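Values in this text are rule-based calculations from the coordinates and carry no lab data. What you are looking at is a predicted structure, and each value in this text was computed from that prediction instead of being measured. Note: ideal-geometry Cβ built from the backbone for every residue, glycine included; neighbour counts use all protein chains shown.
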Amino acid sequence: MSLGIPDRTAGPIDNALDEDLSADLASASLVLARRFAAGATLWCVAPAWEPHAQHVAVEFVHPVIVGKKALPAVALTGPDLVATVRVSVRPGDVVLAVAAADDPAVRSVMRRAAAWGVTTLWIGSGARPTAGSADHVLWIDDPDPRLPAIGGFVLLYHLLWELTHVCFEHPGLLSPAPPECTEEVCITCSDEGRLGEVIAPGADGLAQVRTAEGAELVATMLVEPVQAGDLLLVHAGMAITKLDEEVAR
Amino acid sequence: MSELASEPSAQREPTGFLYPFLDAEERDQDSLLGDLAASARAKAAQSAALRSSTLAESAELIATTAAEMARRFHAGGRMFAFGNGGSSTDSTTLAALFARPPVGQALPAWSLTADQAILTALGNDVGFELIFARQLIARSGGTDIAVAMSTSGSSKDLTAAFREAKRRGLFTIGFAGYDGGEFATSSDVDACFVVRSQSVHRIQEAQALLGYQLWATVHEHLAKIHGHELGEQ
């Protein structure tokens, strides 16, 4: 074909769900159901394909199956997406992105998620985000740039909706798993280094910093100068490192 | 149907009171996760089978519809896409595929759900049924194309839009599910793609692929048209 638009009739259909992706979907759905059960809102972003964010939101808010619970989900769109997500989310919420791995706004949101106390889901295709970029990565390893328009993402978030509602039929599993660590001192649970985002730098080497626990005053003399939006590792009330844009998380 | 549906719980109920903590103590997370993953694979397989059979059934209609769309685009026509709910987002994705394609020539196409001011003004002043028809009156002409995506094929705002589109000479393309609804029998719909399924989700997944295939085939026809023109020079 002269225009180089190959037939996609085989590709996307062959793109069946493999074991790994179906397992990722299952665990993402259970976590999402648990967060909803605890009062979370699902915030959906898709900077390059905003209709996908809106489609996810309408699935949860206005279920196609009569009798299924309406759940709080919102599509965030428009310019300055990071600021819009920042002002919207509360600790315990969930952010779902439909985006390529190199989307700058989504990368920034994902880097800040721990400071905001939100769980992250990332749906996309092509090159994968760096391991650990999001709590749950639901990925189609197909580099075709037309993939967002042929229904593969729609299938993934439809399944996420369907499985999340299956989880609601198992109320005993909706309370979070008991914490694995009960020791008095533990690397995971102690204040080894929590991510914080500077709300406003202050005088006297102190800054207002947002962490998963809320806003707190943090000593910044080791990492000066700091400005609003900087990401810091906070240990015992002290910022011990300032993270570069690309290193955070 | 309600009797069948209630049967399992009716069987459970007589003994349920003996185990009040059964649900609360359900910690069999791995078993649930295994069931969820298997269910996801089964549904994905159903989706793939439906997409495959839908494309096969629609092959001829895709070819003729894309040929007419290409003829109209070549003559300066433009495409207006619309739908309700999830279908509105899918029609917006389709319009974006035409207007901002990842490869190939950009073609003029818009979603009629993009402007909240217009939607709420029309919905409030003249009624929800006319939110798309009125936009077509204001914007469209006889060489244009109207595409409505729906699962029922019978939404009043969409059938009203097709009525108006047909009156104005637009080429009208409907996407529906189930048995095609009103789209399937309406003389206002020039080409009706029906995804034969009872599941809204599976219907939408198949419609996305149909829309993609339509776009790809439009480009094949445009390439032929351009080829002929070059040959004539």
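Summary of computed values
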quantity	calculated
Chain A - charge dipole about Cα centre, Lys and Arg +1 at Cβ, Asp and Glu -1, debye rounded to 20	720
Average beta-carbon neighbours from other chains, 10 Å sphere, peptide A:21-31	5
Segment A:12-173 - Rg and Dmax from Cα coordinates, angstrom	14.6, 42
Net charge dipole size for segment B:117-171 [Lys, Arg +1 and Asp, Glu -1 on Cβ; Debye, nearest 20]	180
Per-residue [θ]222 nm for the protein assembly as shown (sum of -39500 (n - 2.57) over DSSP H runs n ≥ 4, rounded to 500)	-14500 deg cm²/dmol
Length-normalised contact order of segment A:194-243 in % [C-alpha pairs under 8 Å, at least 6 apart]	36
Ordering of B:117-123, B:193-199, A:37-43, A:107-113 by packing [mean C-beta count within 10 Å, highest first]	A:107-113, B:193-199, A:37-43, B:117-123
The protein assembly as shown: Lys pairs at Cα distance under 25 angstrom, eight or more positions apart or on different chains	4
Relative contact order (%) - chain A, alpha-carbon pairs under 8 angstrom, separation at least six	17
Separation of alpha-carbon centers, segment A:86-137 and segment B:166-228, rounded to whole Å	35
Electrostatic dipole magnitude of the protein assembly as shown [Cβ: Lys, Arg +1; Asp, Glu -1; Cα centre; debye, to 20]	1620
Value of D in µm² per second that Stokes-Einstein yields for the protein assembly as shown, Kirkwood Rh from Cα pairs, at 25 °C (0.890 mPa s)	100
Chain A: most fluctuating residue of A:PRO148, A:PRO201, A:PRO79 per GNM, C-alpha cutoff 10 Å	A:PRO79
Within a Gaussian network of chain A (alpha carbon springs, distance under 10 Å), most fluctuating of A:ALA46, A:ALA105, A:ALA127	A:ALA127
Most positive-pole-ward Cα, A:PRO145, A:TRP116, A:ALA134, against dipole of the protein assembly as shown from beta carbon charges	A:PRO145
Percentage relative contact order, segment B:77-187, counting C-alpha pairs under 8 Å, at least six apart	27
Chain A: most fluctuating residue of A:GLY152, A:GLY196, A:GLY132 per GNM, C-alpha cutoff 10 Å	A:GLY132
Positive-pole candidate from B:LEU32, B:GLN198, B:ALA160, dipole of chain B, charges at beta carbon	B:ALA160
Peptide B:82-94, shielding by other chains (average Cβ, 10 Å cutoff)	5
